[in-house]
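Notes for the one structure printed next.
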Amino acid sequence: MRILALETSSNRVSAAILEHQQVITEANLDVPQQAARWLTSAIADQLTCAGWNPADIQLVAVTSGPGSFTGLRIGVTTAKTFAYATHADILAVNTLDVVAAQAKHWEGTLETVIDAQRQQVFTCRYIRQTDGTIQRCSEVQIVDNSQWLDNLAHGSWVTGSGLQRLESQLPKKIQVVDPNYWKPTAVTVGQLANQHHLAGRRDDFWKITPNYLSLIHISEPTRQRLISYAVFCLKK
């Protein structure tokens, strides 16, 4: 399975090319305001590095949220454009699932947390099954920072970029995952999507949307760049 994976929900945008679970190439951008322009060139560069044509991609994986409104819009639109142009399958992955999958060396329960602005966070709770797989044990929620802090169970592990603001306020006996694993990466997005695809999951191309409540306008320059890249893919 040849996979293109995109992660645009955080302030570190990334793209990766994988074959099954193996990483072929990976690129990161720490200036999310340039994501729309950077993604298309990064995809082209990585395909060239891998020696693949766009039509060689069999699965496009992308984070669908929660996270940055603008970033999610750009990532999902880019993924759908590429998948449509190349007839690849497409899978959307929840950002908090990606963050949980990256966490290392935790036991019991794991709380993932992403900053939702306005003194709120997106959060979800996970447990590890006896076979080592990670499973949600709560719904994805948006709650006040204070509520999230108050509801942390004694001995819980926590991870996610929301800790950049909240780590200093954590109650005692809360254990923190290594900060190197707080932000989601395209590599993990691709690996999770590959597992889901092998398990038989398929997403409806027309129903994939960013996981936010209000529609956001996509600028004309961004739309034109995405259309141009679709044309490029079709010509390959």
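The values are calculated or read from the model by the stated rules, or taken from the named source; none is laboratory data. Values in this document were obtained by computation on a predicted structure and should not be read as measured data. All Cβ positions, glycine included, derive from the backbone under ideal geometry; neighbour counts span all protein chains shown. Accessible surface areas use protein heavy atoms only, side chains included; no ligands, DNA or RNA. Shrake-Rupley method; radii C 1.70, N 1.55, O 1.52, S 1.80 Å.
Using a probe of 1.4 angstrom and keeping all protein chains present, the accessible surface of the chain works out to 50 square angstrom per residue.
Given +1 on the Cβ of Lys and Arg, -1 on the Cβ of Asp and Glu, and no further charges, what dipole in debye does region 115-199 carry about its Cα centre, rounded to the nearest 20? Intermediate results must be reported in sequence, preceding the final value.
On the way: 8 positive and 7 negative charges, 15 e Å.
That gives a dipole near 80 debye.
Dipole orientation for the chain: of the candidates LEU149, ILE17, SER168, ILE17 has the Cα lying most toward the positive pole (charges on Cβ; Lys, Arg +1; Asp, Glu -1).
Accessible surface of the chain, 1.4 Å probe: 49 percent of it comes from carbon and sulfur atoms. Model label sites at ASN28 and GLN117, defined 7 Å from Cα along the beta-carbon direction, differ in position by 2.4 nm. For region 186-198, 3J(HN,Hα) computed residue by residue from phi via the Karplus equation (6.51, -1.76, 1.60; θ = phi - 60°) reads 5, 4, 5, 4, x, 5, 5, 4, 4, 4, 5, 5, 5 Hz, glycine and proline entered as x. Taken along the Cα-to-beta-carbon direction at a fixed 7 Å, the label points for ASP45 and ASP131 span 4.0 nm.
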